Structures are given as C-alpha cells and as structure tokens.
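The values are calculated or read from the model by the stated rules, or taken from the named source; none is laboratory data. The shown structure was predicted, so the numbers you read here are calculated from the model rather than taken from an experiment. Neighbour counts run over all protein chains shown; Cβ positions are idealised from the backbone, glycine included.
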There are 2 protein chains.
Amino acid sequence: MSTNREIHLASRPQGWPTAENFRLVETEVPTPGAGQIVVRNRFMSVDPYMRGRMNDVKSYVPPFALDAPLDGGAIGEVVASEAEGFKPGDTVLHGLGWREYALLDARAARAVDPSLAPVSAYLSVLGMTGLTAYAGLLDVAEMKPGETVFVSGAAGAVGSMVGQIAKLRGAARVVGSAGSAAKVERLKALGFDAAFDYHDGPVYEQLKAAAPDGVDVYFDNVGSDHLEAAIGAMNLHGRAAICGMIAQYNSTEPPAAPRNLALVIGKRLTLRGFLVGDHGHLREQFVQEMAGWLRDDKISYDETVVEGIENAPQAFLGVLRGENLGKMLVRV
Amino acid sequence: MSTNREIHLASRPQGWPTAENFRLVETEVPTPGAGQIVVRNRFMSVDPYMRGRMNDVKSYVPPFALDAPLDGGAIGEVVASEAEGFKPGDTVLHGLGWREYALLDARAARAVDPSLAPVSAYLSVLGMTGLTAYAGLLDVAEMKPGETVFVSGAAGAVGSMVGQIAKLRGAARVVGSAGSAAKVERLKALGFDAAFDYHDGPVYEQLKAAAPDGVDVYFDNVGSDHLEAAIGAMNLHGRAAICGMIAQYNSTEPPAAPRNLALVIGKRLTLRGFLVGDHGHLREQFVQEMAGWLRDDKISYDETVVEGIENAPQAFLGVLRGENLGKMLVRV
C-alpha cells in the first residue's frame with residue numbers, strides 16, 4: 001500500500017465542531033530522511049483538549065494549521081528507518097497521530113515493549129492519560145490519605161484513573177460525576193464510593209449528598225457548574241487540580257460559573273491549573289506504581305475504540321459529547 | 001466619664017450598606033471581672049472584610065449579631081485591670097473595636113510598646129495589615145526577585161504595603177491599580193513602577209500597557225474585572241494571592257468575572273485564597289524586617305483618620321467606596 005490517509009483541519013469550528021470541519025486527505029507514504037523514521041500507526045489518542053487548538057488563538061501550544069494534518073498521541077510500528085537505534089518492526093510511541101503513516105525525527109519517538117501490555121495501554125493507562133491523573137492528584141492537588149476526593153468527568157480516561165488512584169493511595173472517600181446512568185454504574189464497579197449523573201439535578205446538591213463531610217481535593221475535568229459546586233463543597237484548605245474544562249470548550253459565550261470564587265478566601269482554597277508535560281519527573285515513579293497495580297489487578301481501565309482513520313472526526317465529536325467510556329482511541 | 005459609646009449593627013445591609021444599618025448606643029463603662037481588663041480604645045481599624053460578616057451566612061468567622069456591637073482591631077490604654085501582667089496605662093492591642101471602652105479577657109490582649117512607633121501603626125503597617133501584605137506576597141504567592149507584581153486596590157492599606165515590600169524584596173516591576181488620579185500619583189511616589197486608574201479604561205488593556213512582559217504575581221484585593229485582567233496578563237506558572245474581592249462585597253448579583261478562568265490550565269496558574277491568621281508563624285520575621293525598613297525610611301504608610309466613634313459607620317462606608325488613602329482608622 002503506497003497511499004497514506006490523514007485527517008486535515010478543513011475549517012475552524014465556531015462552537016461545536018461538525019464533520020465539515022475535517023477532511024480526509026490521501027497522500028503518498030513518506031520516505032525517511034537521515035535521522036528519521038516512518039511509523040505505521042496502529043492506535044491514536046483522541047482527546048478533548050484538542051478542541052482548544054482548533055481555535056486560532058495563542059495558547060500554550062500553537063493552534064492547528066488549516067489544511068494540514070491534525071496531531072496527537074499515537075503508537076505503531078516502524079516501517080522504515082534512517083535513524084540509529086530504530087529498525088522496522090519496533091513499536092514506538094510518538095505525537096503524530098491522525099494519519100496512517102507518520103514521518104518523524106527519531107528523537108521524537110520513544111520505543112516501548114509491546115509484550116508488557118496491549119499497545120493501546122501506552123496511550124491510556126500507562127501513558128499520558130494515566131500520568132495526568134497521577135500527577136494531578138498527587139503532585140498538583142497533593143492528596144493525602146484520609147481525604148475526600150471529587151472528580152468530574154469521572155468515567156473519562158483521566159477521571160476513572162483519578163478515582164482509582166485516589167482509593168489506592170488511601171483516600172477516605174471518592175466521589176465521581178458523569179453523564180449517564182451507565183457511567184455511574186461503571187464508576188461504582190470501579191470502586192468509587194459514590195457517583196452521580198449530573199443530569200439528575202444541580203451538581204452542588206448532588207455533590208453535597210455524596211460527600212456530606214465536604215471535599216478536600218477536587219480534580220476538575222469539566223469546569224463551569226462542576227467547579228462552582230466543588231468550590232461550594234470544599235473544606236478549609238481544599239485544593240483543586242484544574243485539568244480541563246470540557247463544559248466550555250465549545251461555548252461561544254463566556255462561562256457564567258463559577259460565581260462563588262470569593263469563597264477561596266475564607267476557605268483558603270488553592271486552584272491550580274496544570275499540564276502533564278510539567279510533571280515528567282514523575283514518569284518513572286508512575287510507571288513503576290501503575291505497572292504494579294495492573295499486575296496485581298488493582299486497577300481497571302476502559303477503552304472506547306473507533307475503527308478506521310476515516311472515523312477519527314466522529315470519535316473526536318463523540319469524546320466532546322461524552323460518548324466514550326474511558327479512553328477514546330481510533331484503531332488506524 | 002461613666003458613659004461608654006458603641007456602634008451596633010441595627011440591620012443587615014442588602015447590597016451597599018447605609019448609615020441606617022448602624023446605631024450608636026450608650027452603655028455603662030464596664031467593670032473588669034477576674035482575669036479581665038478594661039481598655040479605653042484610642043484607634044480602631046476599619047476594614048472591607050467586615051462587610052461579609054454583616055450578612056447572615058456561614059463563613060470562616062461568624063456573622064455579626066444584630067443589636068450587638070461590631071468588632072475589629074483596636075488599640076488603647078488599660079484603665080482597669082483584674083489580670084496579672086496588666087496595669088492601668090499599659091497600651092494593648094486587641095479585637096474589640098467599635099466601642100470606646102472594651103472589656104476583655106487579658107489573654108485576648110497583647111501589650112505593645114507605644115514608644116517604638118505611633119500607636120496607630122500597630123493597626124496598620126506593623127499589624128495585621130502589614131502582615132497580610134507580607135504573608136500574601138511572600139508566603140502565599142511566593143514572589144521571587146526579578147518578577148513582575150500586580151496589586152489591585154494598591155492605594156489601600158494592604159495594597160500600598162504589597163507594592164513597597166515587593167520592591168524591597170527585589171521585584172523587577174510593580175504595577176498598581178487604584179480608583180483616582182490622586183491615588184495613582186501617590187503610588188508612583190511610593191515607588192510603584194507603573195500605576196493606573198481603573199476608571200480610565202478596561203483593566204486588562206491598562207494592565208497590559210503597564211506590564212508589557214506580563215505578570216508573575218497578582219495580589220488580589222478587588223476580584224471581578226481585576227482578577228480577570230490579571231489572569232489574562234499572567235505569565236506561565238503565575239501565582240495569585242487572593243486576599244479580598246471588594247468589587248463584589250456589596251453586589252446583589254453573582255459576579256460575571258472572571259470569564260477566562262480556563263486560562264489557568266494552559267498557563268499553569270495557581271490561585272490561592274488566604275487569611276492572615278494562618279500565617280502567624282511569619283509574625284516575628286515580619287516585625288523584624290518591617291521595623292528595619294521603617295527605621296531606614298524605606299517604607300511609607302498612609303493613614304486616613306476619621307474622628308470620633310460616632311463617625312465609624314461613615315468611615316466604613318468610605319472604605320467600601322475607596323475614599324481612604326492607606327489605612328482607614330477611627331480615632332475613638
């Protein structure tokens with residue numbers, strides 16, 4: 001096969017993205033130059049944060065270019081190499097998803113052992129997703145044993161890890177919010193002490209019922225009314241790790257919430273935004289600990305796999321609508 | 001004189017307080033019981049945070065009771081003592097202002113040396129006000145030499161200390177906002193590198209012009225549009241010490257701002273609310289350092305003194321309207 005298929009950004013979404021914002025483009029399979037490799041991608045990661053990069057605004061990462069392939073975490077096998085240390089057949093993790101064949105500098109690829117875990121796990125539980133949960137909970141929010149943790153978007157890839165890691169690290173109570181009854185059931189099966197569907201009533205009321213003694217640590221994937229509810233329910237000296245605000249990624253209006261931010265003073269709350277990239281120093285410790293939990297069957301992870309690069313835009317729209325359980329992946 | 005005059009809370013304000021929410025009440029001068037002292041107050045502190053205690057809501061301090069005297073920081077001389085360690089004529093600092101004569105347990109009073117500084121200074125630069133600035137800037141926001149600091153409400157008692165302490169501790173650039181041209185002039189005289197009147201245009205635009213390389217540390221006394229502007233102007237890994245949100249204390253509507261809170265993620269910002277009471281461990285270090293700066297004439301402080309307990313409600317309304325330069329005090 002000498003054809004490479006990739007997904008381009010055809011236009012910038014206004015509000016919610018649609019299929020028309022994307023375009024499937026056929027190109028040649030690339031040939032590596034000196035120091036480069038070509039990887040046949042097998043799985044690619046689909047993440048809500050990509051929505052921000054579709055806007056033409058300055059941010060911590062540059063916006064996606066129009067009429068160029070999108071990118072994101074991916075794993076696959078080397079099919080051609082002009083770089084020392086990589087040979088065809090090697091399994092590598094890298095950042096050029098959204099295409100069947102990726103051409104990249106060998107320095108931008110990391111070899112992984114496909115015999116240790118299903119290769120998709122390197123994009124989820126053992127990868128950035130797991131490290132995001134681990135670093136946010138333990139490093140950013142400084143969760144301590146005996147505390148009560150609330151995580152929003154809890155049935156998502158990061159959220160479901162946060163809740164389980166919290167329990168494994170000694171949290172007294174873990175509460176999750178999600179967007180369907182099925183997800184709530186899944187959270188309880190994963191060991192959450194309480195979980196609720198945010199459609200069932202005001203988040204604050206449901207959170208207070210689920211955490212009657214208040215919340216010490218909040219892991220925010222949602223923002224908006226969830227953040228407001230968490231601020232309202234938090235105990236003195238509570239800490240929030242702000243990981244994402246999916247509720248407002250597609251909003252064309254500024255968010256109305258949180259309206260109770262002044263409570264941070266009297267309660268001495270800390271709200272701290274973070275990106276996993278700042279916490280690479282934890283990677284080795286994280287991989288050790290997570291591998292142990294997986295080996296001992298102490299942690300479960302869900303994957304929602306969409307088949308085919310041509311369906312990647314639908315997978316992305318789905319993750320924004322919360323159609324995934326756990327990690328949203330595309331099998332390329 | 002055997003009459004004691006005190007200010008009671010007559011009714012709870014809805015929105016902005018008015019003179020009708022207060023009542024001047026005449027009582028007997030109290031007599032101390034065992035372990036108690038009676039203090040003739042000379043100065044009392046008037047602080048914006050009191051507004052919150054006038055609402056009947058659960059908070060970090062109980063609300064003021066109706067038909068009972070208000071309270072707050074005060075300094076005066078002991079006129080009667082039934083407590084070991086205190087004798088008439090001693091100057092003491094305590095928490096029962098808003099009355100001419102205060103009856104209190106000796107344990108709730110702290111003797112100070114009136115020969116070291118004007119006694120009013122113990123309520124401002126050498127007291128809670130100064131420590132609030134010091135702790136918020138250095139402990140909560142962890143300001144480092146070479147950084148750019150923005151403080152709102154900069155001509156107030158706390159704000160003017162924040163800016164000066166920042167410069168003395170090596171900030172590269174200090175920017176303040178205030179509510180009049182005269183205050184802006186005063187800030188420049190105090191050594192602020194830039195200052196602006198928030199009435200002159202959008203806070204964000206003025207802040208960007210005053211701090212073209214961005215803000216590393218924000219000391220928030222105002223909230224609302226000031227906090228939103230600071231979040232917008234902050235550099236990666238910026239820290240905000242949230243001390244007060246005077247812009248919304250009298251609002252009957254929830255605040256609309258900050259609408260850009262999602263920026264905390266990409267910029268990895270930390271927003272941290274604090275109360276000075278949590279930072280008592282810094283008091284000795286603070287007093288040492290501040291006394292040295294005062295002795296060397298490196299720091300200036302302003303006081304706005306209103307005469308007479310009967311005018312204390314007006315002083316309080318004035319501080320909410322920003323009529324003070326520096327510390328608002330009542331000479332009792």
### Query
Out of B:Thr270, B:Thr304, B:Thr252, which single residue is more than 16 Å from the chain's Cα centre (by Cα), in contact (Cβ under 8 Å) with a residue 12 or more places away in the chain and more than 22 Å from A:His237 (Cβ to Cβ)?
B:Thr252
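Condition first: acidic (Asp, Glu) and within 11 Å of chain A (Cβ to nearest Cβ). Now tell me which residues in the range B:213-226 satisfy that. First the steps, then the outcome.
Filtering the range B:213-226 down to residues acidic (Asp, Glu) leaves B:213, B:216, B:220, B:225.
The answer is B:Asp220, and nothing else.
With a cut-off of at least 3 residues that are within 17 Å of the chain's Cα centre (by Cα) and closer than 22 Å to B:Ala233 by Cα, name the strands (runs of 3 or more DSSP E) lying wholly within the range B:110-221. Full working, then the answer.
Working: elements: B:148-151, B:173-178, B:194-197, B:215-220.
In the range B:110-221, B:173-178, B:215-220 are the strands (runs of 3 or more DSSP E) which contain 3 or more residues that are within 17 Å of the chain's Cα centre (by Cα) and closer than 22 Å to B:Ala233 by Cα.
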### Task
Give the residues of the range A:55-71 that are modelled with pLDDT under 95 and crowded, with 21+ Cβ neighbours inside 10 Å, sorted by residue number.
none
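Let's see how each residue does on (1) without any contact (Cβ under 8 Å) to a residue 24 or more places away in the chain; (2) in a loop (DSSP other than H, G, I, E, B); (3) within 14 Å of chain A (Cβ to nearest Cβ):
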site	(1), (2), (3)
B:Ile37	no, no, no
B:Pro48	no, yes, yes
B:Asn55	no, yes, yes
B:Ser59	yes, yes, yes
B:Ile75	no, no, no
B:Val79	no, no, no
### Query
Do you know which residues across the range A:207-249 are buried (at least 24 other Cβ atoms within 10 Å of the Cβ) and either of a type in the set (Phe, Trp, Tyr) or free of Cβ contacts under 8 Å to residues at least 12 places away in the same chain (or both)?
A:Tyr218, A:Phe219
### Query
Hey, which of the helices (runs of 4 or more DSSP H) in the range B:258-324, taking only ones fully inside, have at least 3 residues that are within 14 Å of chain A (Cβ to nearest Cβ)?
B:263-266
### Task
Could you tell me which numbered condition B:Gly33 fails, if it satisfies all but one of (1) touching a strand residue (DSSP E or B) at 6+ places or on another chain (Cβ under 8 Å); (2) modelled with pLDDT of 95 or more?
(1)
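Of all residues in the range B:227-251, which are more than 11 Å from chain A (Cβ to nearest Cβ) and not in a loop (DSSP other than H, G, I, E, B)?
Pass one, the range B:227-251, residues more than 11 Å from chain A (Cβ to nearest Cβ): B:229-230, B:232-233, B:235, B:250.
Answer for the range B:227-251, where residues must be more than 11 Å from chain A (Cβ to nearest Cβ) and not in a loop (DSSP other than H, G, I, E, B): B:Ala229, B:Ala230, B:Gly232, B:Ala233, B:Asn235.
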### Task
Evaluate the following for B:Ala157: is it touching a Gly at 6+ places or on another chain (Cβ under 8 Å), aliphatic (A, V, I, L, M), at pLDDT below 95 and not assigned by TED's automatic domain parsing to the domain that holds B:Ser45?
yes
#### Entry: Hits in the range B:172-189 (condition: aliphatic (A, V, I, L, M) and buried (at least 24 other Cβ atoms within 10 Å of the Cβ))
B:Val174, B:Val175, B:Ala178, B:Leu187
### Task
Go over the candidates B:Leu261, B:Leu275 one by one and state the one that is surrounded by fewer than 22 Cβ atoms within 10 Å (Cβ to Cβ) and not hydroxyl-bearing (Ser, Thr, Tyr).
B:Leu275
### Task
Determine whether the range A:205-219 contains at least one residue that is over 24 Å from B:Phe274 (Cβ atoms), touching a His at 6+ places or on another chain (Cβ under 9 Å) and of a type outside the set (A, V, I, L, M, F, W, C).
no
